[in-house]
Amino acid sequence: MDPKKLKVALTRKLPSPVEARLSDLFDTTLHDSDMPLSPQGLIERVQDVDVLAPTLGDRLDQAFFDAAGPRLKMVANFGAGTDHIDVAAANARGITVTNTPSVLAEDAADMAMTLILAVPRRMVEGVRALESGNFQGWSPTWMLGHRVRGKKLGIIGLGRVGEAIARRAKAFGLSIHYHNRSPINPHIEEELGATYWDSLDQMLARVDIVSINCPHTPATFHLLSRRRLELLQPQAYVVNISRGEIVDEEALASMIEEGRLAGAGLDVYERGAPSEKLLRAPNVVLLPHMASATVESRMEMGERMIINIKMFADGHKPPDRVIL
Ligand code: DGY
């Protein structure tokens, strides 16, 4: 098909060079505002387009695909996570779904590592104390955190991002433990000095810091349930840059408040933004979903999305098809 005739619609404002390239290549409808579309707006936007390029805020469920109209052939997600898309419903209608998984892994891992260091070392608390005039000068006993070197890091989901975190953590002297459905390539496991735990429960009982790096699916909803959080030692920390729904946030906040967990570093939340309880909890560093927020990652996500659309337009299989 002539790519110029391919109708592509965006649902959010993307970096300008990405928008310019999309407009160059395809018949593209841009989205001017930085606010997401309403469900009805989304349905209006998708009418009579070949490719919709959504982001993580857009809920593309069964009802959306029922209303999308017959022209829609591809959903080219700007982002790695696809838990907002009913991929089975799309595939049942012959709609190809792609994402941008590999390009943001290193920047996301940097942010996870930042949280792994910042929470035990009370970095944000220190900044706040200084800014609010509570720094009286160095003291032998003030603002003491905990050493990170020598601690055990338990990674739930050692995929691209998990592996990039493991490499960083190893360099900081943490030992690497991981839980996956199956062990990773033995060469990489050896290189990382990583220990595989078939049982998530057993791993949780032994590690000092848990990093959540699996996707959110029906099977991983509340994977860190209250029961599992209770398996952690009271001096353990939870770090999550994946999706909020994987942790029982209410239980996490209560346990931190009660001193049954040491703290948490979070970039994602069950309801999009942190609950009041979490905002009030001690020893938490809460970020506004910014693990992939670098100019470079967002540009590369755009480039990757364009490659997927271009390959599709040329009649090839796009490289980042989401396979169930
Ligand atoms: C993703 O890509 O799914 C991240 O959560 C945002 O970049």
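Nothing in this text is a laboratory measurement; each read-out follows from the coordinates by a stated rule. None of the values given here were measured: they were computed from a predicted structure. Virtual Cβ from ideal backbone geometry, glycine too; neighbours counted across all protein chains shown.
With the charge dipole of the stretch 79-138 set up from +1 on Lys and Arg Cβ and -1 on Asp and Glu Cβ about the Cα centre, the Cα lying farthest toward the positive end among the listed residues V103, I85, G133 is that of G133. Rounded to the nearest 20, the Cβ-based charge dipole of the chain about its Cα centre (Lys and Arg +1, Asp and Glu -1) stands at 500 debye.
Potential lengthening of the chain between S182 and R147 amounts to 9.5 nm, from the contour at 0.36 nm per residue minus the alpha-carbon distance.
Modelled this way, with points 7 Å down the Cα-to-C-beta line, the labels at Q47 and F221 are 3.2 nm from one another. When the P(r) of the stretch 105-286 is calculated, the portion above 20 Å amounts to 51% of the C-alpha pairs. Spatially, the stretch 16-73 and the stretch 137-171 are offset by 40 Å when compared through their Cα centroids. Note on the stretch 199-313: Rg/Rh from C-alpha atoms, Kirkwood Rh, equals 1.07. Shown for the chain: lysine pairs separated by 8 or more places, or found on different chains, whose C-alpha atoms are under 29 Å apart, numbering 20.
Spin-label model, S16/R167: points 7 Å from Cα along the beta carbon direction are separated by 3.3 nm. Based on DSSP H segments of at least four residues, each scored -39500 (n - 2.57), the chain has a per-residue ellipticity at 222 nm of -10000 deg cm²/dmol.
With N the number of residues in the stretch 23-182, Rg(Cα) / (2.2 N^0.38 Å) evaluates to 1.48. Look at the dipole of the chain built from charges on Cβ: of I176, V238, M311, the Cα furthest out on the positive end belongs to I176. Loop-located chymotrypsin sites (Phe, Trp or Tyr not before Pro) in the stretch 143-232 (DSSP state not H, G, I, E or B) with no more than 15 neighbouring Cβ atoms inside 10 Å: F172, F221.
The mean of 1/r over all distinct Cα pairs in the stretch 107-176, once inverted, gives the Kirkwood hydrodynamic radius of 13.5 Å.
Restricting the stretch 164-195 to GluC sites (Glu not before Pro) that sit in a DSSP loop and have at most 13 other Cβ atoms within 10 Å of their own Cβ leaves nothing.
So how much slack lies between R280 and D110, counting 0.36 nm per residue of separation and subtracting their Cα-Cα distance, in nm? Between R280 and D110, full extension yields 58.6 nm more. The value given for the chain is a Kirkwood hydrodynamic radius of 21.1 Å, derived from the mean inverse Cα-Cα separation.
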